[in-house]
1. Can you work out which of the residues in segment B:18-46 that are more than 11 Å from every other protein chain (Cβ to nearest Cβ) and open to solvent by 60 Å² or more (accessible area, probe 1.4 Å) is nearest to B:A86 (Cα to Cα)?
2. Looking only at segment B:78-89, which residues are open to solvent by less than 20 Å² (accessible area, probe 1.4 Å) and of a type outside the set (V, I, T)?
3. Which pairs have Cβ atoms under 7 Å, sit 6 or more apart or on different chains, and link a residue in segment A:48-77 that is at the interface with chain B (Cβ under 7 Å from one of its Cβ atoms) to one that is in a loop (DSSP other than H, G, I, E, B) and buried (at least 16 other Cβ atoms within 10 Å of the Cβ)?
4. Out of the residues in segment B:47-77 that are touching a residue at least 60 places away in the same chain (Cβ under 8 Å) and closer than 16 Å to B:L146 by Cα, which is least open to solvent (accessible area, probe 1.4 Å)?
5. Which number in (1) surrounded by 10 or more Cβ atoms within 10 Å (Cβ to Cβ); (2) farther than 30 Å from B:A176 by Cα; (3) at pLDDT 75 or above; (4) of a type outside the set (D, E) marks the one condition that A:A64 misses?
6. Given the conditions (1) at pLDDT 95 or above; (2) of a type outside the set (G, A, S); (3) closer than 21 Å to A:D54 by Cα, which single one is not true for B:Q150?
Amino acid sequence: MTREDFSEALLHFGADLDRWPRPEADTARQLVDDDPVAARMLAEFAAFERTIADAVEPAPFGAAEIRAVLTAIPEAKNTSRFTQGLWLAGAAGMSLLSFIAGFMVMQANLAAQDQLGVPLAIISFAMGDTSVGGLM
Amino acid sequence: MVEALGDETLSDEDLLARIADEDRSAFTILMRRHGQKVRGLALAFGGRPADADDVTQDVFIMLWRRPNSWQPGKAAFTTWLYRVVANRCLDQARRQRVRRWLPFEDAADPVDETPSALDALANRDRLAEVRKMILTLPEKQRLALLLAVQGEQSNAEIASILSVSEGAAEQLLVRARRRLRSLVAEQEVVA
């Protein structure tokens, strides 16, 4: 492994050689032992990673944060049940409206059937049925 | 919110089974165990505490409502949880991008730059600068880097979390580390 290979491998796997794939880690350890420049490269990369880790070190997630989530839960559950209830009420309402609409259409059709007699008789007569009874 | 002493040693799987029965103490233990990771990643990714709190709350409420979302055989709980957080972070970033184009955009919360006594310390300033540099990385590179550095996830785990191949995850890491190293080096030259 050359210094360039080592530098590239650091970018791929980071400064912790224990987390490298085994063959590459073994070769890198050999290089670091033999070459002070490679050893310095590793130390500098480790320092760079520590800086990043320090910069993004997470704040503790304590009682206040946990309480904030727990406080939101009843609302979440209530919201969920409320939403479910709303959907059920909506579905029931729509079913009722459909039923009423169907009923009204049926009534209208029944009422119109008396008026349909004439056009039906004309169509039947046109198709050659002369037994149109009371119409002719 | 009193937990039996032994409950702290329960596995994530056992805790989730209890959460399915609406056991709040199990839920509290799960939050105590993973809250720092969840909020830490969200905050380092987005840089705004209020947004990080939203993501954290969103993730844990989802876990409370649907504790069976995690399938134990498929991925480790932490890997799966990081995937959920990463997706929430990316969704939030997407929504913010859309809002920036809308005329009725709410004013974005500014990143907290209030000087404090601690920030006066040089090292704190330096770390604050590094945090800002991290925020300049493209989203997936940023997530990959944070998962490696903060979450201590392996390249294979990062690939699984971000739903990319291991090679692609490595490339995200390479680009993120290269870019950040160059930015940090520039800062140190200036300083």
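The values are calculated or read from the model by the stated rules, or taken from the named source; none is laboratory data. A quick note: this is a predicted structure, and the numbers were derived from the prediction, not measured. Reconstructed Cβ throughout: ideal geometry from the backbone, glycine too, with neighbour counts over all protein chains shown. These area figures cover heavy atoms from the full protein model, side chains too; ligands, DNA and RNA do not enter into them. Shrake-Rupley method; radii C 1.70, N 1.55, O 1.52, S 1.80 Å.
1. Residue satisfying both the conditions and the ranking: B:R18.
2. Within segment B:78-89, B:L81, B:Y82, B:A86, B:C89 qualify.
3. A:E49/A:G14; A:E49/A:A15; A:A53/B:Q150; A:V56/B:Q150; A:P58/B:Q150
4. Per the criteria, the residue is B:G47.
5. The number of the failed condition is (1).
6. Condition (1) is where B:Q150 drops out.
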